[in-house]
Amino acid sequence: TPRPGEPSQERLKRLIQEVTQDPTTTSRELQASLASVKVSIHDSTIRKRLGKNGLHGRVPRRKPLLSKKNIKARLSFTSKHPDDPQDFGENTLWTDETVRRTAVTISIFLSHLAVSELRMVLLGKNSSEISRVGNFILGREVFDTEAPPPLAEWHNERARGKVERSYITLINTPHLFDPGLSLDQLRVQVTESMSLCAPGPHVLVLVLQPDDFNEEDRDRLNSIFSSLPEEPHKHTLILTTHTLQSGSRADPVQENIIKQIITECRNRHFEFSTEPSRSALIEVMENMVKENGGHHEWRGFLSAPPAAGQQQQGQLPVYRESEGGVKEEIQTEKLSELRMVLLGMNTSAISRVGNFILSREAFDTEAPPPSVQQHSERARGKVERSYITLISTPHLFDPHLSVTQLNKRVKESMSLCAPGPHIIVLILQPDDFTETDRHRLNHILNPPLSV
């Protein structure tokens, strides 16, 4: 029996297994994992025991395998020999002592320069236009272009899908320009939107209309940007949509505001014309990521969404002003709100059920590539007399998830439907659910893990 404060051999073996499966796991996370089963061990003790087993904590050093100078030299060399045979260059030795093996090696090297994962946040004043742009990027009707009823609680939405060479995660924020949001509420919503694409977005897409963006909107944009820990302008792409009626012109003052914003964002501008090119838009974004050095980790937004209590501030009463100047709350027809969490082992089956409920392709039925980290997704829409919020959790039954990782994912999914789901829909296949899956299900539904 180990002395107090020391892990047993079985516990130590489990810790080693968790760290081996996920080398990014910290000693604090391992300590929390043990605490969930009522085992109290100091994090320094965990580090010492892992160290004795050859597992040492390290901070990765950001150093490219090749310098920019060497990369440029290799690309130049390859471009001068496009038609050479496969065995050309077998004995070419560079001054940095690396051998250029074959043309195939160079083509593989070039293919790795392409962006494999692209996370973006959609910002803008017009919720319908933001949703329309998001649907265009993913090539399907993911977001509802109809604005929610006045008394429905606002939430950010997350959707994903493969487009061109990139696997895209989209965060739709249809409410940040709502003048009814206080600055404190705005900061909470901005934090949530960024946390939904942790460790941070590659691109912020600001959707603007030439005839509908005034000085007050500019002030609100500044408040949004000031809520971010990084310099947002270098990550922002301005996307303008044309909503002007025939023969009309935008206000010169508003046009000037938009031009100033484009200038501040390094002249990164894309016109969303009547027949926009998805490939051209994705290419602009990929080039932005490369120009920013591939940077996408935003300090302060590396965790799950805010706690449930923080997300309840988006619901706002609607008022009208009477003849005497007195504000009266409008008693609008209340739609019943229904929040659901979809659980299951089969990603495609979960997505199909979610799409059936919302009557549109809100969730991608194709599983993402292994290199892309999966997260819960949120979609919403009006169905009959209910306003439905759906949380898709296509990853909770992944056998490679450690207890710590599973706890994080469960907490994230519940936070997305704060203050909590009305219904948990468990989607099963009769021929594919084992006793091991049953234990995992019990762990997911364990009350202490809920938010």
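A short reminder: the numbers here are calculations on the coordinates, not readings from a lab. Fair warning: this is a prediction, and the values are worked out from it, not measured in the lab.
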dims of segment 1-50, Cα set, principal axes, largest to smallest, nearest Å -> 28, 19, 17
Across all directions of projection, what mean area in square nanometres is found for the Cα convex hull of segment 362-427? 5.4
Amide H contacts of Arg119 (H built 1.01 Å from N, under 5 Å, at least 5 apart or other chain): Thr169, His202, Val203
Which three extents, in whole angstrom, do the alpha-carbon atoms of segment 337-451 cover along their principal axes, largest first? 39, 30, 29
Entries of Lys125/Lys408; Lys38/Lys411; Lys290/Lys411 with Cα pairs more than 25 Å apart: Lys125/Lys408; Lys290/Lys411
Can you check how the C-alpha radius of gyration of segment 156-295 compares to 2.2 N^0.38 Å, as a plain ratio? 1.07
Amide H neighbours of Gly381 under 5 Å, counting only residues 5+ apart in sequence or on other chains, H built in-plane at 1.01 Å? Ile388
